[in-house]
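Each reported figure results from applying straightforward, stated rules to the coordinates on display, with no laboratory input. From a predicted model like this one, the values you see are computed outputs, not experimental measurements. Glycine also receives a Cβ, built like all others from the backbone with ideal geometry; neighbour counts cover every protein chain displayed.
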Amino acid sequence: MSKESKELQKQSTQTPVETERTRNSKVYVPKVDIYETKDAIILIADMPGVDENSVDVILDKNILTISGTAEPLSFKDYSIAYSEYDVGDYQRAFTISDEVDKEKIEATVKNGVLRLTLHKAEKVKARKIAIKAA
Amino acid sequence: MFGPTVWRFGRVTDPFREMQRLQSEMNRLFSTVDPQIGHEYPPINVWSGEQDAIVTAEIPGIDPETFDISVIGDTLTIGGKVDPEILKEGESYHRQERSYGRFNRILQLPFHVNADKVEAKYEKGILRINLPRAEEDKPKKVVIQAE
């Protein structure tokens, strides 16, 4: 073969080696909304195809990891004719500051949307300081 | 002999420019950026069976009451509304990536649908619509008469 074709084949090794998953499925980054209220931080993640049994929320030190598994749909005697989306797993991690009370995290899943309520720790809640008259 | 080739329509091809075009085409094909297939919302998958079809769509976080699905002839319309979170006074977003608002998607199917028998189910953020083929649209077998 010519020299040129060999160079073409070598290019694929340029991508850095990352940790691989044992399951051969695609991993998606769910879209999230995060907002802050007076007492809590609310995290909402779009994870279509997951339910309360297939989603995991793990808090390890300061890293909050949300992951979920969606089973691909398959119908007997039907074949896929047109496809715009693929089904796979979801994973995303966030760094959580110390102001979150790690013992009080609530999670619910409804209609493929994960909702986390991260309550703020007592000590960081804003306190109004009473000013005494001199 | 190795000069620019004159094509039938009088167009002169420049081999260097042609190589550049090929290269950019290859870069596009092998680029790591996931090419988005169809930018319309919601993304759909279509499954075809012998007598019917199933359409599935990823629509997370919608109130099933707000769905507006209709079938006329061979046209399927999926409409709905995703409500935004209502933030109170003093609450603020750190990030907002999810989309909300009204959507409407029209699909033309390769056959007429029996609108009375259409079934839709919404589960885990995935909408699934069963579309049976209309009786009058089904293929009819032609019997050949022997003389």
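Here's the list of lysines a cross-link from A:LYS31 could span, going by alpha-carbon distance under 30 Å and ignoring same-chain residues fewer than 8 apart: A:LYS61, A:LYS102, A:LYS104, A:LYS110, A:LYS120, A:LYS125, B:LYS81, B:LYS88, B:LYS121, B:LYS124. Note on B:ILE72/A:PHE75: beta-carbon distance plugged into 1/(1 + (r/R0)^6) with R0 of 30 Å gives a FRET efficiency of 0.75. A simple rule links phi to the HN-Hα coupling: the Karplus curve 6.51 cos²θ - 1.76 cosθ + 1.60 with θ = phi - 60°, which for region A:102-117 gives 6, 7, 10, 10, 10, 9, 9, 10, 9, 6, x, 10, 8, 10, 10, 10 Hz, with x for Gly and Pro. Overall, region B:44-135 carries a charge dipole of about 200 debye about its Cα centre when +1 sits on the Cβ of Lys and Arg and -1 on the Cβ of Asp and Glu, all other atoms neutral.
Rounded to the nearest 20, the size of the Cβ-charge dipole of region A:48-134 about its Cα centre is 960 debye, with Lys and Arg at +1 and Asp and Glu at -1. Residue by residue, region A:31-45 carries 3J(HN,Hα) couplings of 7, 10, 10, 10, 9, 10, 10, 5, 10, 8, 10, 9, 10, 10, 10 Hz when phi is fed to the Karplus relation 6.51 cos²θ - 1.76 cosθ + 1.60 (θ = phi - 60°); x denotes Gly or Pro.
Note on A:SER97 and A:GLU36: the extension gain reaches 20.7 nm, defined as 0.36 nm multiplied by sequence separation minus the Cα-Cα distance.
Around the Cα centre of region A:86-134, unit charges on the Cβ atoms of Lys, Arg, Asp and Glu (plus for the first two, minus for the last two) sum to a dipole of about 500 debye.
Per-residue mean of other chain beta-carbon atoms within 10 angstrom of the beta-carbon, peptide A:50-58?
1
Can you give the net charge of the other residues whose Cβ lies under 15 Å from the Cβ of B:GLU85, counting K and R as +1 and D and E as -1?
Cβ neighbours under 15 Å give a net charge of -1.
With the simple spin-label model, which puts each label point 7 Å out from Cα in the Cβ direction, the B:LEU22 to B:LEU87 separation comes to 5.3 nm.
Here A:ILE58 and B:SER99 are evaluated by their C-beta separation; at R0 = 35 Å the FRET efficiency comes out at 0.80.
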